Structure formats: C-alpha cells, structure tokens
Amino acid sequence: MKTQIKNLSYGTGLAKVCVLAAFCLSVCNVMAQDTKAVAQKDTTVKAAPATADSTAAAPVKKKKSYVKDTFDGSYIIDNQTVMVAIKGTFEFDIQHRFGTVNNGFTDLFGIFAGATMKLGFNYVPVKNLQIGFDATNENMLVDLNLKYAILKQTKSGSMPVSVTFFGNAVMDTRKKDATTVFVTTGDRFSYFDEIIIARKFSDNVSIQVAPSVSHFNDLLGYIDPNTNQVRPILKNDNFSISASGKFKISDGMSLIANYDQPLTQNPANNPHPNLSFGIEMRTSGHDFEVFFGNYSSLMPQNNNVYNQNDYKKGEFLIGFNISRLWNF
C-alpha cells in the first residue's frame, strides 16, 4: 500500500509537471498570438496614416522640359525661324542683299551693283512674345512686326513640334509722285502673316515649314482695251509656303538651306520661287549667315509677290544676315 501511494505520489508529481509544462506552453502560445495580433494591429494603425499621407501629398507633377536651339537665330536666310528669344532679350539685325551674279566680273558678281539693306530691332517684353521694327532702303519701307511662340517641342515627345506665329505691317513712306500709285494713306500698306512649324530631329538636324499669306492694299493694274475697264495684274492676296533646314557640321557652324514656293496664280507677272543655301556661324551673342539665293527684297511679302529672279536661269545673288543679342 505504501508502495502504491509512493508510486501514486510520484505519478501525481509527474502529472503535475506535465500539466504545468502544458499550461506554460499554452500561455506562451497565447502570448505569442496576442503579440502577433497587437503587432498586426499596430501595423494596421501605422499604415493608415501613411496611406492618408500618400493620398494627401500626391506626387508632384513633373515640369515640362522643352527642346532648345531648334535653330540658332531669328532668321534662316530670307525667312523667320520658329525661335523666340528669352524674356528681356534685345536684338539688332543687319541684312544685306547684293545684285545678281549674272554680270560676272563686270560688277564683281553683283557686289558693285545696287544693294538692298535693312536694319531691324526686336525686343521680348514678356515670355514667348517678340515685337520689332524694321527699316529698309527698298522704297523707303518701314514695318512693325510681332512673333509669338504658340507651342514648343518637348523632350518627352508629348509635343512633337514647335509652332510660332509671325506677322508684320509694312508702310511705303515715299513721297507721292508720278512713280507711286498712292491715292489714300491705306494704299501704302501691305501685310504678311505666317505659321511656322518646326521640329528638331537630332542635335544636328532641324527642319521647318511655313505657310503664309501676303496682302497688298493697292496694286498696279491695266486698262483692258476691249472693255475699257481696269484689270488687275496681281491679286491682292497671295499664298506661299516655305521649307527651311539646318544641318550642324561643328560647334557654332551649320549648313542652311531654304525653298520658297508661291502658290497663287495671278493674271500676269507671277513670282518665281526662291532657292537658297549658305553657311551659318554662331557665337554666344552673334549669329552670322552668308548665302546664295534668288530673293532680293528684305520684306517677305515683296519677295512672295514680286520676285522675278529665276534660279533656273542662274539669277542668284549674294546675301548676308548679322544678328546681335543682349539680355536685360
């Protein structure tokens, strides 16, 4: 009996140990689960403000990055480029066209012939807007002009081209005499408007096209002998299109080319197209172009309506453009 009791006591003690161990394991397991639950709860609680913060502080929209230096200056031979300088830029332009080269050494390929010159002044008072004034010895013409960058090509490709508007109003300031056809002040005015569309394809190649319209308030006519009525020689409105390109051959130097095609068919004296090519040299503040071309005027509407130099007959002339820029 004692032995049984002793054995029972021993068994009871072992059972107690087993029960105690099982209880401890259960407690530990519960504590672990509680800890895990608390951790999950804490994580959930902490994650909520983070989500709220993320919603409140939305990602900052990236600023658009625009393509630079599609062309090196405001001009490419006889045409405006798509470029508008930065705000506060003042520009001074000198343009010169010699006579045609047809006479060879007689007038030193047109250098000794009568030349056309123009001085121009441009300023950019606000972003993307340029205003200017020009004066030329050709019929004592003066003009006011405006240039505005409507769209700009982006580096991301979201805007594949640059688009700029250019327009001018030209006044013939000659005295009224037998050589002029002015009846009213309005007869002295002509206008030119164009949309320039350009794309920079690489660091070396840029191309632009520009449809345009030229308007003259007053043009010469003739009296029809059959009807005794005045008939126009040229239409008041003339449409044209130009294409220009630049190929960079080194830092500061590029090959440039241009083609202008009149589109309007007039009763007589239709203008010839212009084919021109040359070299452009650029420094930080200067842009210089020297070239051969057919256009002799320095006002775009005069070229697009009156040009009679035919490149098929070799009626080219030497010309140059010089631009100097200052920033204020």
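Values in this text are rule-based calculations from the coordinates and carry no lab data. Being a predicted model, the structure only gives us computed values, none of them experimental. Using ideal geometry, Cβ is built from the backbone for each residue, glycine included, and neighbour counts are taken over all protein chains shown.
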#### Entry: Size of electric dipole in the range 75-327: Cβ of Lys, Arg +1 and of Asp, Glu -1, about Cα centre, debye, nearest 20
580
### Query
What does the charge dipole of the range 218-310 about its Cα centre add up to, to the nearest 20 debye, if the Cβ of each Lys and Arg holds +1 and the Cβ of each Asp and Glu holds -1?
100
### Query
Under a point spin-label approximation (7 Å from Cα along Cα-to-Cβ), what is the GLU315-THR179 distance to one decimal in nm?
2.0
### Message
Show me the ranking of peptides 128-139, 288-299, 262-273 by mean Cβ neighbours inside 10 Å, starting with the highest.
### Response
288-299, 128-139, 262-273
### Message
Can you compute the FRET efficiency between ASP251 and THR154 using 1/(1 + (r/R0)^6), with r the Cβ-Cβ distance and R0 = 22 Å? Round to the nearest 0.05.
### Response
0.35
### Summary
Taking r as the C-beta separation of THR227 and GLN265 and R0 as 22 Å, the FRET efficiency to the nearest 0.05 is 0.55
### Summary
Stretched fully, the stretch from TYR191 through PHE239 gains (0.36 nm per residue minus C-alpha distance, one decimal, in nm) 16.1 nm
### Query
Once the piece of chain linking ILE322 and ASP107 is laid out straight, how much longer is it, given 0.36 nm per residue of separation minus the C-alpha distance between them?
75.0 nm
### Test item: Cα-centred dipole of the range 54-187, Lys/Arg +1 and Asp/Glu -1 on Cβ, debye
1080
### Message
Can you tell me how the range 68-148 classifies by the Cα gyration tensor, rounded, prolate or oblate, using a/c under 1.5 as the rounded cut?
### Response
prolate
### Task
Give the order of ILE86, ILE150 when sorted by the count of other beta carbons within 10 angstrom, beginning with the fewest.
ILE86, ILE150
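Within a 10 angstrom radius of the beta carbon, how do PHE201, PHE189, PHE98 rank from fewest other beta carbons to most? Working shown, then result.
Working: PHE201 10, PHE189 16, PHE98 20.
By the 10 Å Cβ count, ascending, the order reads PHE201, PHE189, PHE98.
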### Query
Given GLY221, ASN269, ILE249, which one lies farthest toward the positive end of the charge dipole of the range 210-270, if we put +1 on the Cβ of every Lys and Arg and -1 on the Cβ of every Asp and Glu?
ILE249
### Query
What FRET efficiency would be calculated for the residue pair GLN308, LYS87, taking the C-beta separation as r and a Förster radius of 45 Å, to the nearest 0.05?
0.65
